[in-house]
């Protein structure tokens, strides 16, 4: 079970934890993403994505 939502600052190849926690929420699907599984995010929008599928959906919606 996940205990606390983390607040992150996203950079091109990494992220920095602003507020400690163990997960974030995908901005597209609402799925819980454990920090050790977080691989997809948008630096410009400062949004995490569960997988490449959600990241692609966001990119396509912008076009």
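Test of understanding: among 31, 62, 58, 9, which residue is loosely packed, with under 12 Cβ neighbours inside 10 Å and touching a strand residue (DSSP E or B) at 6+ places or on another chain (Cβ under 9 Å)? Result: 9 is the single residue among 31, 62, 58, 9 that is loosely packed, with under 12 Cβ neighbours inside 10 Å and touching a strand residue (DSSP E or B) at 6+ places or on another chain (Cβ under 9 Å).
Taken over segment 17-59, residues that are within 16 Å of residue 7 (Cα to Cα), touching a helix residue (DSSP H, G or I) at 6+ places or on another chain (Cβ under 7 Å) and assigned to a loop (DSSP other than H, G, I, E, B) amount to 2. Beta carbons closer than 6 Å, at least 6 apart along the sequence or on distinct chains, pair a first residue in segment 45-57 that is on the phi < 0 side of the Ramachandran plot with a second that is buried (at least 18 other Cβ atoms within 10 Å of the Cβ) and assigned to a helix (DSSP H, G or I) for 49/55.
Where a number appears in this text, it was derived from the coordinates with a stated rule and is not lab data. Here the structure is a predicted model, which is why all the values come from computation and not from measurement. With ideal geometry, Cβ positions are generated from the backbone for all residues, glycine too; neighbour counts draw on all protein chains shown.
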